[in-house]
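What follows is a set of notes on a single structure, which appears directly below.
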Amino acid sequence: MRITDIRATPVTVPLEAPLRHANGSHWGRFVRTIVEIETDCGLVGLGEMGGGGESAVAAFEGLKPLLLGRDPSRIEELRFAISNPTASLYNNRTQVMAAIEFACLDLLGKKWGVPVSEILGGRLRDRVAFASYLFFRYPHPKDGTGEVRTVEQLVAEAERLKAAYGFTSHKLKGGVFAPEHELACYRAVAEALDGDSFRFDPNGVWSAEQAMWFGQQIADVRNDYFEDPVFGLHGMRRVREKVSMPLATNTVVVNFEQLSANALCTAVDVILLDTTFWGGIRPCLKAAGVCETFQLGVAVHSSGELGIQLATMLHLGAVLPNLSFAADAHYHHLTDDVIVGGKMTYEDGAIAVPTAPGLGVELDRDKLAEYHELYLRLGTYPYDQDPLRPGWTPLIPNDRWADPDDARVPNVPL
Ligand SMILES: [Mg+2]
């Protein structure tokens, strides 16, 4: 089998409402890039990457001289061709490599008639549990629905998600409002869904002292972990000395150098593995092996996903013996998907691991065309900007919080 072509298609898929985070907002839609690798035997492998637009299309187009004619089963060879560690100092292609790895694994699975999980060692579980991933949300610009800003709105949203999807673990994305408001929100959700477990993630915008204070205020909650309360391994180590729950990260342990530093001088208890940030499913598996050796927890991180990336997260989750916690996914905030059959479904808070050959998902060509058109119409959005606070930027540690009494509706195109 030889690679004959690679194609990248940016798509825009609407969200139920704009998602707010510490650095800005997802403005009511996700922009993703769908990657297709064609081969001389007629099989097509699927990959996916965050963001999109001309730069992503150009990045994949620019790799054609490296890719065309290669055997997609030589993934390790491709890793050194595309993202070897020293060349990456000048040209970081880790996320591009991830999308190519997904597509190559998809091709191998299709060629051999086995799901990707079987290439990776075989499923240990048939379903992967997910956390609810609660966001503060702006009202939808078109109809004003979906807002999550107050304690009452957040509790109602958590209860709605639990009823709709069956989640028993709940993650609140914070770092938007002052810690006092977010503490009231987190505690109210924990009280309303007593018996479930909870996790909080302010995206590293607090001082170590703020993080210690917050961690001490939630010590009685059934916390899975406290995620990235500060930015930096040394800050995390300081916080870890003063709080009682495990700390987790998807920001300061995202490669093997950082993982080894954390193993030698531990600052973080739980490593959140992202199939894109780490450069593919296989590097996540290697990292999970290191974590197993050092008895660190692992979970599956979400950097935003459509069905192809979600499939990579499911195959990863299926084969990790040390998957200690429910995975994260933004997926339930989306209104649609680009895969045949529409969005994957949750049952009792979990999604079934695909069992068809390869990643086990197929592109819906009509949906791909529809959401590519939407991308062309709307373009990208600035992830690190808040549509209602033009020019605003957070500090680290931050003190420029959003106002929880501000009920305005952002006027963004959708
Ligand atoms: Mg995080």
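Radius of gyration (Cα atoms) of the chain, expressed as a multiple of 2.2 N^0.38 Å: 0.95.
Taken over the stretch 333-396, the alpha-carbon convex hull comes to 177 cubic angstrom per residue. For the peptides 273-283, 99-109, residues were scored by their other Cβ atoms within 10 Å and the scores averaged per peptide; the highest-first order is 99-109, 273-283. Spin-label model, ALA356/THR266: points 7 Å from Cα along the beta carbon direction are separated by 4.2 nm. With a Förster radius of 41 Å applied to the C-beta separation of SER324 and ASN91, the computed FRET efficiency comes to 0.70. Full extension of the chain segment joining PHE256 with SER55 gains 69.7 nm, where the gain is 0.36 nm per residue of separation less the Cα-Cα distance. Each Cα pair under 8 Å and six or more residues apart adds its separation to the average, and for the stretch 119-359 the resulting relative contact order is 22 percent.
Looking at the chain alone, DSSP beta bridges between its own residues are antiparallel in about 55 percent of cases. Ranking PHE60, LEU161, PRO246 by Cα position along the charge dipole of the chain, where only Lys, Arg, Asp and Glu carry charges on their C-beta atoms, puts PHE60 farthest toward the positive end. Tell me the net charge near THR393. Cut-off is 14 Å between Cβ atoms, THR393 excluded, with +1 for each Lys or Arg and -1 for each Asp or Glu. Residues near THR393 contribute -1 overall.
Taking the Cα centre of each part, how many Å lie between the stretch 45-106 and the stretch 258-324? If we compute the Cα centre of each part, the gap is 20 Å. Dividing the radius of gyration of the alpha carbons in the stretch 122-234 by their Kirkwood radius gives 1.00 for Rg/Rh.
Given their separation in residues at 0.36 nm each and the Cα-Cα distance between them, HIS332 and GLU16 gain 112.9 nm when the chain is fully extended.
Among the lysines, select those whose C-alpha is under 19 Å from the C-alpha of LYS367, and discard any that sit fewer than 8 residues away in the same chain. Counting by Cα, and skipping residues close in sequence, LYS367 has these lysines nearby: LYS343. Under the rule a/c < 1.5 gives rounded, and otherwise a/b versus b/c splits prolate from oblate, where does the stretch 119-359 land using the Cα gyration tensor? Oblate shape, in that a/c is at least 1.5 and b/c is the bigger or equal ratio. Think of the chain as having a plus end and a minus end, set by charges on the Cβ of Lys, Arg, Asp and Glu; of VAL230, ILE82, THR393, ILE82 sits farthest toward the positive end of this dipole. Only helices enter the 222 nm calculation for the chain: every DSSP H run of n ≥ 4 contributes -39,500 (n - 2.57), and dividing by all residues gives -10500 deg cm²/dmol, rounded to 500. Dipole check for the stretch 119-359: with +1 at the C-beta of Lys and Arg, -1 at the C-beta of Asp and Glu, and the Cα centre as origin, the magnitude is about 460 Debye. The slack between GLU370 and ARG389, meaning 0.36 nm per residue of separation minus the straight C-alpha distance, is 3.8 nm. Overall, the chain carries a charge dipole of about 660 debye about its Cα centre when +1 sits on the Cβ of Lys and Arg and -1 on the Cβ of Asp and Glu, all other atoms neutral.
How large, in Å, is the stretch 288-363 by the Kirkwood hydrodynamic radius built from its alpha-carbon pairs? The answer is 13.3 Å. In the stretch 1-57, a dipole from Cβ-located charges (positive for Lys and Arg, negative for Asp and Glu) runs towards its positive end, and of LEU46, ALA22, VAL11 it is ALA22 whose Cα lies farthest in that direction.
Each reported figure results from applying straightforward, stated rules to the coordinates on display, with no laboratory input. As the structure is a prediction and not an experimental result, all values here were calculated from the model. Glycine gets a Cβ as well: all are built from the backbone with ideal geometry, and neighbour counts include every protein chain shown.
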